[in-house]
């Protein structure tokens, strides 16, 4: 058998003092120290992750925006445009406003 590889878990357990109760934040700090990371390293990783996710959301948003723009142009021309899981007939459906009377029920007020 060769030497056992010392993982950050072993270092983590070595940093903990027996009998002491730790808060979740203190445990996270001990875990960070056991992994050999500085606060700056963690902050940089979090910032990179945040920017990557924002970049991905922005890309999806712009694709959807571009598709909706094409859809609007196609509706104005009366063409059909098939999108991702969607189909249109080119006909705009108008919703009734809340102040417009509906055709349901009686024409007058019921007493």
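FYI, it's all coordinate maths here, none of it is from the lab. Source: prediction; values computed, not measured. Note: ideal-geometry Cβ built from the backbone for every residue, glycine included; neighbour counts use all protein chains shown.
Which order do peptides 12-21, 37-46 fall in by mean Cβ count within 10 Å, highest first?
Values: 12-21: 9.2, 37-46: 11.2.
So the order, starting with the most tightly packed, is 37-46, 12-21.
What is the fewest-to-most order of 32, 57 by other Cβ atoms lying within 10 Å of their Cβ?
Working: 32 16, 57 10.
The order, fewest Cβ neighbours first, is 57, 32.
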